[in-house]
Amino acid sequence: GAMDSSYLLSMRLSAVSLNPPVDFKAFLNLKRLKLEHTNITDENMQILISNCNALEFLGIVDCGKLTRLSTSHLWNQLKHLHVESCHLLK
């Protein structure tokens, strides 16, 4: 059977293509997420983290398509935000 993502606490995705469905509902208990060398867009990033209500660490490295990061819903629990080599990000 498929893995129950509610038990996933930490995830690192490197050199992958990310295109989550609009109704994506996973990673509810994820505390750490690191994205490296991905082609994730602003819209897909919003979909990916929209349900990450327990997220404490978000790392984004060399994600060249990101231009903005909408993380306002995370500010209450987010303890560390690391952004590196995302040249279009403002």
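Quick note: the coordinates plus some simple rules give every number you see, no bench work behind them. The shown structure was predicted, so the numbers you read here are calculated from the model rather than taken from an experiment. Please note: Cβ atoms are built from the backbone with ideal geometry, for glycine as well, and neighbour counts cover all protein chains shown.
The table for this structure:
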quantity	calculated
Global form of segment 30-79, assessed from the alpha-carbon gyration tensor, a/c cut-off 1.5	prolate
Charge-dipole axis of segment 9-90 as Lys and Arg at +1 and Asp and Glu at -1 on Cβ define it, positive-most pick from Ser85, Leu58, Met45	Leu58
Cα-based convex hull volume of the chain per residue, rounded to whole Å³	90 Å³
Burial order of peptide ranges 17-27, 51-61 (average beta-carbon count within 10 Å, highest first)	51-61, 17-27
